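Chemist: Sending over a structure as structure tokens; questions will come in a sec.
The values are calculated or read from the model by the stated rules, or taken from the named source; none is laboratory data. Quick caveat: nothing in here was measured; it's all calculated off a predicted structure. Ideal geometry is used to build each Cβ from the backbone, glycine not excepted, and the neighbour counts take in all protein chains shown. Side chains included, ligands, DNA and RNA excluded: accessible areas come from the protein's heavy atoms. Shrake-Rupley method; radii C 1.70, N 1.55, O 1.52, S 1.80 Å.
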Amino acid sequence: MSQQDRPSRTTEAFFGRRRGKPVRPQQAAALESGLGAYRLDLTAEAPSELRTLFKTEVSAVRLEIGFGGGEHLLHRATEAPPIGFIGVEPFVNGMAKMMMAVRAAPLANLRVYDDDATQLLDWLPPASLDGIDLLYPDPWPKKKHWKRRFVSPVNLDRFSRVLKPGSKFRFASDIDTYVNWTLLHCRAHGAFAWQADEAADWHRSYEGWPGTRYEAKAIREGRRPAYLTFIRT
């Protein structure tokens with residue numbers, strides 16, 4: 001997608017703070033070296049075949065937006081070496097934790113991006129992804145902030161452009177209003193078919209789901225997570 005064709009956006013429109021506690025020297029070193037090895041360079045033209053981005057041969061490429069501490073992304077990338085994974089996380093502390101993990105156990109099927117996910121989505125070629133995961137995104141609960149929710153008509157346009165027909169968009173959240181918001185937006189968009197027949201289908205976690213710390217906290221506090229799956233039609 002050319003620069004003039006890219007939708008306009010407000011910087012950091014979909015995520016909040018970039019930093020939490022100061023990173024320790026060891027984390028800072030891992031972050032610097034890790035980003036040098038794993039970070040995607042969006043100033044270069046995207047390859048027509050995303051599989052060439054990885055240091056190993058992969059048969060498919062998946063994207064996880066907002067991977068937090070990286071528990072889910074690390075689990076998936078480790079259990080499925082033939083699949084290439086791209087992870088986006090603008091929060092410095094989360095990325096530092098991820099880079100510490102891959103310094104201890106490198107992953108040839110992983111690439112990352114540490115800024116606005118919409119920039120990456122606009123950079124990717126059409127029909128280039130085999131799946132997108134958006135897991136426990138910031139719900140922006142106040143009505144005045146709903147425009148900052150990542151699920152929106154413009155971002156669903158981005159998803160539909162980069163996803164291959166038949167591939168999956170997966171969304172997990174413990175916030176009922178955001179779950180309903182996502183169902184309504186995907187139904188209105190028209191390019192996504194919800195894969196569920198009964199309530200148990202969306203309250204059952206994904207196959208091979210490792211769980212996350214945020215999910216465990218939600219369950220402790222009495223919130224029931226929902227796991228939605230949409231097929232790109």
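Chemist: Mind checking the per residue accessible area of the chain for me, 1.4 Å probe, whole number of Å²?
Modeler: That works out to 51 Å² per residue.
Chemist: What GluC sites (Glu not before Pro) does the range 183-233 have in DSSP loop regions with at most 13 other beta carbons within 10 Å?
Modeler: The qualifying sites are GLU198, GLU207, GLU221.
Chemist: Continuing with this model, one more query. Evaluate the distance, in nm, between pseudo-label points positioned 7 Å from the Cα of ARG224 and of ASP176 along their respective Cα→Cβ axes.
Modeler: In this crude spin-label approximation the distance works out to 0.9 nm.
Chemist: So what's the range 168-219 giving for Cα Rg divided by 2.2 N^0.38 Å, two decimals?
Modeler: The range 168-219 yields a ratio of 1.22.
Chemist: Enumerate the aspartates and glutamates that LYS144 could reach by cross-link, defined here as Cα to Cα under 18 Å, with residues fewer than 8 away along the same chain left out.
Modeler: Straight-line reach from LYS144, under 18 Å: GLU12, ASP176.
Chemist: With a cut-off of at most 16 other beta carbons within 10 Å, and DSSP calling the residue loop, which trypsin sites (Lys or Arg not before Pro) in the range 49-92 qualify? Please list them.
Modeler: LYS55
Chemist: For the range 154-233, which chymotrypsin sites (Phe, Trp or Tyr not before Pro) are both in a DSSP coil and crowded by at most 10 other Cβ atoms within 10 Å?
Modeler: Taking the range 154-233 and a limit of 10 other Cβ atoms within 10 Å, no loop chymotrypsin sites (Phe, Trp or Tyr not before Pro) are found.
Chemist: Based on the Kirkwood radius over alpha-carbon pairs, what is the Stokes-Einstein translational diffusion coefficient of the chain at 37 °C with 0.692 mPa s viscosity, in µm²/s?
Modeler: The diffusion coefficient I find is 180 µm²/s.
Chemist: Once neighbouring chains are kept in place and the probe is 1.4 Å, which whole percent of the accessible area of the range 139-233 is contributed by carbon and sulfur? Working shown, then result.
Modeler: Details: 2790 of 5260 Å².
Exposed carbon and sulfur together represent 53 percent of the surface.
Chemist: Go through the range 23-36 residue by residue and turn each phi into a ³J(HN,Hα) via Karplus (6.51, -1.76, 1.60, θ = phi - 60°); whole Hz please, and just put x for glycine and proline.
Modeler: With the stated coefficients, the range 23-36 comes to 6, 6, x, 5, 5, 4, 5, 5, 5, 5, 5, x, 5, x Hz.
Chemist: Okay, moving on. So what's the net charge close to LEU50: Lys and Arg +1, Asp and Glu -1, counting the other residues with Cβ under 13 Å from its Cβ? Walk me through the numbers before you get to the answer.
Modeler: Values: positive: ARG51, ARG62, ARG111, LYS164; negative: GLU45, GLU49, GLU57, ASP130.
Residues near LEU50 contribute 0 overall.
Chemist: Quick one: work out the % antiparallel among DSSP beta bridges in the chain, nearest 5.
Modeler: Bridges in the chain that DSSP calls antiparallel: roughly 30 percent.
Chemist: A further question follows. Provide the net charge surrounding ALA60, with neighbours chosen by a C-beta distance below 15 Å and charges set as Lys +1, Arg +1, Asp -1, Glu -1.
Modeler: On the way: positive: ARG51, ARG62, ARG76, ARG111, LYS164, LYS168, ARG170, ARG232; negative: GLU49, GLU57, GLU64, GLU79, ASP130, ASP133.
It works out to a net charge of +2.
Chemist: If we count every other residue with Cβ under 14 angstrom of GLY34's Cβ, Lys/Arg +1 and Asp/Glu -1, where does the sum land?
Modeler: Its environment carries a net charge of +2.
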